[in-house]
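Worksheet for the structure shown next.
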Amino acid sequence: MSGNKVKTAIFPVAGMGTRFLPATKAVPKELLSVIDTPLIQFAIDEARAAGIERMVFVSHPSKSAIERHVRDDAGLRASLCAKGKHDIAAQLESAALHGGDDAVRFVMQDKPLGLGHAVSCARDHVLDGPVAVILPDDLILGGRGCLTEMIAAYDPSVAGHLVATMEVAREETKSYGVLDVADTVGDLLHARGIVEKPDPKVAPSCFAVVGRYILDPAIFARLAHQTPGAGGEIQLTDAIAHDIGTVGLAGFGFAGTRFDCGSKAGMLRATLHLAMQDPEFDDVLAEIAPRPLAMAAE
């Protein structure tokens, strides 16, 4: 176990959320809610639980609502308290991030140049040491929290880049970065390579990378010289692959359940998953046919 601490988490939130239009025409996709909790709030809570000291949000000028959600709104809380809604005011205060620029930074990604470019935009705002990257539309529920588990497992002497990994059906590998696995030790998949969205026929494995990363700080120097890859974008996967020989790469098998909330089906699955754990929704769920419920739980 390394004594290194991951102090910074980067949240790439500049995307336009086109798969959810027209809902995302005025509302950022990261503020879409699973029941009553926005996706970005799940991500923030996961980072806080993992002991992150600074959160860097790489956003877009059109998505100012994200910053309004993230930061405390003392005026709104005072208005709620004046109406006797102290419990709601307390919930908002607890959810918000406090501490000014030491704890929260917002930087802009004006053009959609890829995940790698988004991460590079945060370079001047991160604290020393390895950095975490959290994609809010990859919702991971259960366990101690995916990032908490990854930080506990992270050892840069074994692999400087650690990525959350799950096994998917072979036909689904075309939608992910996929590890070329050299060997498995416990929850770690030591990788000799990583391929972005391979043809399923030639995918090196069925172990897909999902939206949690711990990256050696060398990633920023690599991204500064990274040429565009798939889709003409700066791919984080490509930068990670270039550093495998010097930094190392491992996949991490997390304990929770991952929901692809970048898709409508994933949002529905996540909503039903949480609803089925809350007695408040028992009557509503009882009205839904068994077959859709069974499919949502898969």
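The values are calculated or read from the model by the stated rules, or taken from the named source; none is laboratory data. These figures come from a predicted structure and were not determined experimentally. For neighbour counting, all protein chains shown are included, and Cβ atoms are generated from backbone atoms with ideal geometry for every residue, glycine included.
Some notes on this structure:
- Evaluated against (1) of a type in the set (Val, Ile, Thr); (2) touching a Leu at 6+ places or on another chain (Cβ under 8 Å); (3) over 14 Å from Pro136 (Cβ atoms), Val107 falls short on exactly one condition, (2).
- The residues listed here are Phe42, Phe20; of these, the one that is touching a strand residue (DSSP E or B) at 6+ places or on another chain (Cβ under 7 Å) and either within 17 Å of Ala132 (Cβ to Cβ) or surrounded by 14 or more Cβ atoms within 10 Å (Cβ to Cβ) (or both) is Phe42.
- Of all residues in the range 50-72 being assigned to a loop (DSSP other than H, G, I, E, B) and in contact with a helix residue (DSSP H, G or I) (Cβ under 7 Å, 6 or more places away or on another chain), the one that is farthest from Thr24 (Cα to Cα): Ala50
- Glu172, sole failed condition from (1) under 21 Å from Leu135 (Cα atoms); (2) of a type in the set (Asp, Glu); (3) crowded, with 18+ Cβ neighbours inside 10 Å: (3)
This table checks each residue for (1) without any contact (Cβ under 8 Å) to a residue 60 or more places away in the chain; (2) closer than 18 Å to Ala159 by Cβ.
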| site | (1), (2) |
| --- | --- |
| Asp199 | yes, no |
| Ala203 | yes, no |
| Phe207 | yes, yes |
| Ile234 | no, no |
| Ala239 | no, yes |
| Gly251 | no, yes |
| Cys261 | no, no |
| Met267 | no, no |
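- Checklist (1) in contact with a Gly (Cβ under 8 Å, 6 or more places away or on another chain); (2) assigned to a strand (DSSP E or B); (3) more than 29 Å from Ser263 (Cβ to Cβ) applied to Ala182, failing item: (1)
- When Pro136 is tested against (1) modelled with pLDDT under 95; (2) not in a helix (DSSP H, G or I), just one condition goes unmet, and that condition is (1).
- Flag if Arg258 is farther than 19 Å from Ala118 by Cα, among the basic types (Lys, Arg) and touching a Cys at 6+ places or on another chain (Cβ under 9 Å): yes
- Residues satisfying the stated conditions in the range 65-76, i.e. within 20 Å of Ile44 (Cα to Cα) and out of contact with any strand residue (DSSP E or B) (no Cβ under 9 Å at 6 or more places or on another chain): Ala65, Arg68, Asp73, Ala74
- Among the residues making up the range 80-124, those that are in a loop (DSSP other than H, G, I, E, B) and in contact (Cβ under 8 Å) with a residue 24 or more places away in the chain are Ala96, His98, Ala103, Gln109, Asp110, Pro112, Leu113, Gly114, Ala122.
- You will find that of Arg258, Arg212, the residue that is surrounded by fewer than 22 Cβ atoms within 10 Å (Cβ to Cβ), closer than 19 Å to Leu189 by Cβ, of a type outside the set (Gly, Ala, Ser) and modelled with pLDDT of 95 or more is Arg258 and no other.
- Single residue of Arg222, Arg192, Arg170, Arg212 found to be of a type in the set (Lys, Arg) and either closer than 26 Å to Glu46 by Cα or touching a residue at least 60 places away in the same chain (Cβ under 8 Å) (or both): Arg212
- One residue from Lys7, Lys83 being surrounded by fewer than 22 Cβ atoms within 10 Å (Cβ to Cβ), among the charged types (D, E, K, R), over 26 Å from Leu268 (Cα atoms) and within 17 Å of the chain's Cα centre (by Cα): Lys7
- So Ala296, is it at pLDDT below 90, of a type in the set (Gly, Ala, Ser), more than 30 Å from Ala191 (Cβ to Cβ) and touching a Ser or Thr at 6+ places or on another chain (Cβ under 9 Å): yes
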